[in-house]
Amino acid sequence: MIRFCPENALNNPLPHIPTLLEEMASRIASLPRFAHTAPLMVGIQTGGLWLAEALHHRLALKEPLGKLDISFYRDDFSRIGLNPSVQPSHLPWTVDGRHLLLVDDILYTGRTIRAAMNELFDYGRPASITLAIAVDRGGRELPIQADILGCRLEVPAGQQIKLSGPEPLRLEWVAHG
Amino acid sequence: MDNLQLNPDGSLRHFLSIEGLKPALLEQIIETAASLEQVAERAVKKVPVLRGKTVMNLFFEPSTRTRTTFEIAAQRLSADVINLDVQTSSTTKGESLLDTLKTLEAMHADMFVIRHRESGAAAFFAQHAAPGVHILNAGDGWHAHPTQAMLDMFTIWKHKSRFDRLKVAIVGDILHSRVARSQIHALNLLGTMEVRLIAPQTLLPEQPESLGVHVYHDMDQGLRDCDVIIMLRLQKERMQGAHLPGGDEYFRCYGLTEERLRLARPDCIVMHPGPMNRGVEIASSVADGPQSVILEQVSNGLAVRMAIMAMVLGSGGESGA
């Protein structure tokens with residue numbers, strides 16, 4: 001079940017990540033798409049990769065985890081420049097004809113997911129991509145939605161949340177300086 | 001000169017020389033190159049960072065591998081690339097260069113990759129470049145060849161992972177080598193334990209110690225315990241002049257042979273910026289041997305040039321357009 005979190009004021013507790021992961025893992029395992037073939041899991045740097053590692057472990061997937069850094073695919077590259085701490089993307093298998101499970105921490109405008117899908121298609125033509133997200137904070141600018149969702153969260157305009165980790169994994173408000 | 005290649009926020013606007021750059025920026029180039037390496041192994045060997053940008057290769061001096069790797073690098077970043085073979089004219093340098101730049105700028109190029117026989121040519125272009133236009137130095141006179149130096153640093157980093165315990169020897173015609181000059185600056189900025197220059201007096205610049213290096217005239221002494229050996233091309237045209245005896249004698253004194261290589265550490269790597277003179281500065285058995293990383297340098301040149309282009313064109317200086 002998708003859990004709808006009530007409107008959160010800043011001082012309300014944010015969702016507990018291990019609980020979300022538990023629910024997400026069981027929903028992934030019950031998806032008909034993955035009934036016969038386990039998904040190839042891909043995490044987006046950095047928070048999505050932490051979550052993917054945790055889900056990969058819970059689901060005991062045999063094929064290694066892929067990691068994606070979408071810095072070279074951002075649509076605002078010429079405006080904000082290159083991420084100075086870009087990491088190599090690494091998909092340790094061929095994507096052609098396979099069912100991929102793309103994992104990220106927070107879904108907001110949808111632009112990161114668009115960039116990630118563009119990058120995945122430069123590796124080949126997957127049979128499908130399923131999107132797993134821990135927190136949907138609304139504010140979409142593109143027609144993208146999660147297939148597997150931990151929870152929805154209303155984040156007031158001008159506020160930011162982020163995932164800190166990898167140990168422990170927890171959501172926190174980003175302080176404005 | 002120092003500030004010319006940086007934006008106010010410290011990011012790269014032009015890439016003209018290693019001098020004046022901070023170690024963190026060199027490390028960022030190496031790390032970005034490491035991220036771009038895997039592009040070559042994918043089904044689609046391109047990333048879209050420079051989509052819609054135009055890169056002009058402006059080579060006033062002949063070059064095969066540097067120009068080709070710049071061209072491939074720009075294409076792998078999805079830029080449009082135009083190669084211009086510019087005949088060096090005898091007209092006065094300042095006027096003609098400036099005219100060339102302004103003419104090509106009017107064709108809406110976003111980046112110029114420039115090789116020129118005059119030291120300072122790239123910096124001259126950078127001084128006069130319009131806002132939003134970026135200049136990369138692909139070798140200027142005896143002054144600098146910073147992308148070559150960075151691909152060498154990337155190669156060393158891949159094999160040795162850190163610089164602070166390394167002894168690195170640069171051997172040969174250091175006096176006429178823009179590559180060596182850029183390498184020395186880069187190695188020192190990255191904290192290399194010891195940089196050695198091995199060369200006859202006639203092929204060394206004046207007061208080489210001021211560059212932060214140890215000088216050896218005896219190759220056997222200089223190679224002892226080295227982790228990295230960088231051989232330089234002996235420019236044959238210089239051998240006619242007063243600088244040197246014949247090629248055979250040079251090889252006897254300063255050629256890298258298997259026997260000499262054994263003086264260095266067993267895991268020492270051998271590098272050469274190319275093109276090589278086999279049997280003049282390096283024996284074929286060493287150039288093709290197990291410790292040689294010379295061909296790997298060429299592949300690494302692609303990733304490094306992609307990284308520098310992405311960093312320069314992705315720097316903050318062109319916002320608001």
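Per-structure values
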item: Test: residue in segment A:105-115 that is in contact (Cβ under 8 Å) with a residue 40 or more places away in the chain, within 14 Å of chain B (Cβ to nearest Cβ), among the small types (Gly, Ala, Ser) and in a helix (DSSP H, G or I); result: yes
item: Exclusive hit being of a type in the set (S, T, N, Q) and closer than 25 Å to A:Gly66 by Cβ, set B:Thr32, B:Thr54, B:Thr103, B:Thr66; result: B:Thr32
item: Residue list for segment A:77-92, restricted to those being free of Cβ contacts under 8 Å to residues at least 24 places away in the same chain and not in a helix (DSSP H, G or I); result: A:Gly81, A:Leu82, A:Asn83, A:Pro84, A:Ser85, A:Val86, A:Pro88
item: Hits in segment B:268-285 (condition: farther than 15 Å from B:Leu234 by Cβ and among the aliphatic types (A, V, I, L, M)); result: B:Ile269, B:Val270, B:Met271
item: Counted residues, segment B:23-43 - those being modelled with pLDDT under 95 and more than 9 Å from chain A (Cβ to nearest Cβ); result: 2
item: Of the criteria (1) surrounded by 13 or more Cβ atoms within 10 Å (Cβ to Cβ); (2) without any contact (Cβ under 8 Å) to a residue 12 or more places away in the chain, which one A:Pro32 fails; result: (1)
item: Members of segment A:125-177 that are closer than 28 Å to A:Trp93 by Cα and either out of contact with any strand residue (DSSP E or B) (no Cβ under 7 Å at 6 or more places or on another chain) or polar (S, T, N, Q) (or both); result: A:Arg125, A:Ser128, A:Thr130, A:Ile144, A:Gln145, A:Gly165, A:Pro166, A:Glu167
item: Flag for B:Arg115 being charged (D, E, K, R) and surrounded by 21 or more Cβ atoms within 10 Å (Cβ to Cβ); result: yes
item: Top-ranked residue of segment A:44-63 - restricted to ones that are outside any loop (DSSP other than H, G, I, E, B) and touching a helix residue (DSSP H, G or I) at 6+ places or on another chain (Cβ under 8 Å), ranked as nearest to the other protein chains (Cβ to nearest Cβ); result: A:Ile44
item: Single match in B:Thr54, B:Thr32 (criterion: hydroxyl-bearing (Ser, Thr, Tyr) and buried (at least 18 other Cβ atoms within 10 Å of the Cβ)); result: B:Thr32
item: Number of the exception - B:Ala123 against (1) outside any loop (DSSP other than H, G, I, E, B); (2) under 22 Å from B:Met271 (Cα atoms); result: (2)
item: Number of the condition not met by A:His90 [criteria: (1) within 8 Å of chain B (Cβ to nearest Cβ); (2) under 17 Å from B:Val39 (Cα atoms); (3) out of contact with any strand residue (DSSP E or B) (no Cβ under 8 Å at 6 or more places or on another chain)]; result: (3)
item: Test set (1) surrounded by fewer than 23 Cβ atoms within 10 Å (Cβ to Cβ); (2) in contact with a strand residue (DSSP E or B) (Cβ under 9 Å, 6 or more places away or on another chain) - B:Thr202 fails condition number; result: (2)
item: Residue count, segment A:149-177 (criterion: among the hydrophobic types (A, V, I, L, M, F, W, C), in a loop (DSSP other than H, G, I, E, B) and modelled with pLDDT of 90 or more); result: 2
item: Filtered residues of segment A:119-153 (kept if exposed (fewer than 15 other Cβ atoms within 10 Å of the Cβ), touching a residue at least 12 places away in the same chain (Cβ under 8 Å) and within 14 Å of chain B (Cβ to nearest Cβ)); result: A:Arg125
item: Residues (in a loop (DSSP other than H, G, I, E, B) and either within 7 Å of chain B (Cβ to nearest Cβ) or surrounded by 14 or more Cβ atoms within 10 Å (Cβ to Cβ) (or both)) located in segment A:64-74; result: A:Leu65, A:Asp69, A:Arg74
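Conditions tested, residue by residue: (1) surrounded by fewer than 16 Cβ atoms within 10 Å (Cβ to Cβ); (2) in a loop (DSSP other than H, G, I, E, B); (3) among the charged types (D, E, K, R).
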| site | (1), (2), (3) |
| --- | --- |
| B:Gly10 | yes, yes, no |
| B:Gln28 | no, no, no |
| B:Val44 | yes, yes, no |
| B:Pro48 | no, yes, no |
| B:Thr66 | no, no, no |
| B:Glu71 | no, no, yes |
| B:Leu101 | no, no, no |
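Rundown of residues vs (1) buried (at least 16 other Cβ atoms within 10 Å of the Cβ); (2) modelled with pLDDT of 90 or more; (3) among the charged types (D, E, K, R), yes/no style:
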{"residue": "B:Lys236", "(1), (2), (3)": "no, no, yes"}
{"residue": "B:Ala242", "(1), (2), (3)": "no, no, no"}
{"residue": "B:Arg260", "(1), (2), (3)": "yes, yes, yes"}
{"residue": "B:Met271", "(1), (2), (3)": "yes, yes, no"}
{"residue": "B:Ala321", "(1), (2), (3)": "no, no, no"}
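Here is a yes/no grid of residues against (1) of a type in the set (Val, Ile, Thr); (2) under 20 Å from B:Phe124 (Cα atoms):
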site: B:Leu4; (1), (2): no, yes
site: B:Phe15; (1), (2): no, yes
site: B:Leu21; (1), (2): no, yes
site: B:Glu27; (1), (2): no, no
site: B:Ala33; (1), (2): no, no
site: B:Val39; (1), (2): yes, no
site: B:Ala43; (1), (2): no, no
site: B:Val47; (1), (2): yes, no
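Here is a yes/no grid of residues against (1) within 17 Å of the chain's Cα centre (by Cα); (2) modelled with pLDDT of 95 or more; (3) closer than 19 Å to A:Phe34 by Cβ:
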site: A:Glu63; (1), (2), (3): no, yes, yes
site: A:Ser78; (1), (2), (3): no, no, no
site: A:Asn83; (1), (2), (3): no, no, no
site: A:Trp93; (1), (2), (3): no, yes, yes
site: A:Leu101; (1), (2), (3): yes, yes, yes
site: A:Gly110; (1), (2), (3): yes, yes, no
site: A:Gly139; (1), (2), (3): yes, no, no
site: A:Asp147; (1), (2), (3): yes, yes, yes
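The values are calculated or read from the model by the stated rules, or taken from the named source; none is laboratory data. What you see is a predicted model, and the numbers here were worked out from it, not measured in a lab. Cβ atoms come from the backbone with ideal geometry, glycine included; neighbour counts cover every protein chain shown.
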